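The values are calculated or read from the model by the stated rules, or taken from the named source; none is laboratory data. No experiment lies behind these values; they were computed from the predicted model shown. Note that each Cβ is placed from the backbone with ideal geometry, even for glycine, and that neighbours are counted across all protein chains shown.
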Amino acid sequence: LLERVDSKHSDSCFTPEGCPGCKELLVRALYWAGLIHDLGKVVLDCAFSSVYSGVRDAVLDEQMSYARAEEALLGFSHSLAGGYLAKHWRLGEDVVEAAVCHHDLALARRHVKLTSAVYLADWVCSGLGFGSTGELEKNAPDDPMLQTAYWKLGLTPQAGTMLMALGQKELKYAQAVVDAVYKGMNS
């Protein structure tokens with residue numbers, strides 16, 4: 001997993017300009033929550049490497065999400081591990097809650113908008129295949145949790161289409177920058 005994890009997915013889950021319902025949220029919290037929301041995957045892979053290979057197998061072979069496979073094999077998910085790390089690093093209770101609850105918005109209590117923003121950004125990035133770690137589950141536009149995220153953020157379901165288009169545009173721009181830098185390094 002470590003060789004397949006990069007910062008593209010986490011970095012792209014920081015999208016305040018693409019989330020009009022998030023205007024009052026602090027940029028710091030959005031940045032950190034988006035950046036570390038899946039860090040628990042790396043922690044679990046390092047701490048439980050022999051068991052975590054079974055998680056990866058379940059994700060690929062049985063088309064399960066990482067969260068479901070982790071719960072089945074470890075009894076807890078990367079969300080909880082990432083939240084623990086965020087708490088240990090003192091990133092703030094808002095970031096901790098977003099990390100812990102980003103796959104289950106019903107668990108969020110005090111920082112529901114931040115958690116919903118991370119869920120929505122994760123949904124968009126995963127839907128675009130950006131920074132994927134092999135999950136085959138597809139994002140459904142009628143996903144009840146997605147509808148909840150829209151509602152909590154004051155968005156309409158049409159926002160998903162808009163965010164996907166915006167995300168695609170941003171990814172093309174980011175890829176052009178990376179290609180130019182890479183070309184310059186190899187000249």
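Among (1) modelled with pLDDT of 80 or more; (2) within 30 Å of Ser53 (Cβ to Cβ); (3) buried (at least 18 other Cβ atoms within 10 Å of the Cβ), which single condition is Phe130 missing? The single condition Phe130 does not satisfy is (1). Looking for whichever is at pLDDT 90 or above and either more than 16 Å from the chain's Cα centre (by Cα) or aliphatic (A, V, I, L, M) (or both) here; the options are Ala180, Ala106, Ala176. Which one fits? One residue alone meets the criteria, Ala106. A residue that is more than 27 Å from Val43 (Cβ to Cβ) and more than 17 Å from the chain's Cα centre (by Cα) occurs somewhere in region 129-146.
Evaluate the following for Asp122: is it among the acidic types (Asp, Glu), surrounded by fewer than 19 Cβ atoms within 10 Å (Cβ to Cβ), under 16 Å from the mean Cα position of the chain (by Cα) and closer than 30 Å to Gly54 by Cα? It is false that Asp122 is among the acidic types (Asp, Glu), surrounded by fewer than 19 Cβ atoms within 10 Å (Cβ to Cβ), under 16 Å from the mean Cα position of the chain (by Cα) and closer than 30 Å to Gly54 by Cα. Across region 158-187, the qualifying residues are those that are free of Cβ contacts under 8 Å to residues at least 12 places away in the same chain and of a type in the set (S, T, N, Q), and the one among them that is farthest from Trp123 (Cα to Cα) is Ser187. The set of residues from region 38-65 being in contact with a Phe, Trp or Tyr (Cβ under 7 Å, 6 or more places away or on another chain) and under 19 Å from Cys125 (Cβ atoms) comprises Lys41, Val59. Every test in (1) modelled with pLDDT of 90 or more; (2) aliphatic (A, V, I, L, M); (3) out of contact with any Gly (no Cβ under 6 Å at 6 or more places or on another chain) is passed by Met64 save one, and that test is (1).
Look at (1) of a type in the set (D, E, K, R); (2) more than 23 Å from Leu44 (Cβ to Cβ); (3) free of Cβ contacts under 8 Å to residues at least 60 places away in the same chain and you find that Lys113 fails only one, number (3).
Given the criteria surrounded by 14 or more Cβ atoms within 10 Å (Cβ to Cβ), closer than 20 Å to Asp104 by Cα and of a type outside the set (D, E, K, R), does Thr156 qualify? Quick ask: steps written out before the conclusion?
Numbers: surrounded by 14 or more Cβ atoms within 10 Å (Cβ to Cβ): no; closer than 20 Å to Asp104 by Cα: yes; of a type outside the set (D, E, K, R): yes.
No, not satisfied.
Filtering region 30-47 for residues that are surrounded by fewer than 16 Cβ atoms within 10 Å (Cβ to Cβ) and farther than 30 Å from Gln175 by Cα leaves a non-empty set. For region 78-87, state whether one or more residues are loosely packed, with under 15 Cβ neighbours inside 10 Å and out of contact with any Ser or Thr (no Cβ under 6 Å at 6 or more places or on another chain). Looking for residues that are loosely packed, with under 15 Cβ neighbours inside 10 Å and out of contact with any Ser or Thr (no Cβ under 6 Å at 6 or more places or on another chain), one finds none in region 78-87, hence no. Taken across region 46-61, residues that are under 25 Å from Glu93 (Cα atoms), within 16 Å of the chain's Cα centre (by Cα) and either modelled with pLDDT of 85 or more or part of a helix (DSSP H, G or I) (or both) do not occur at all.
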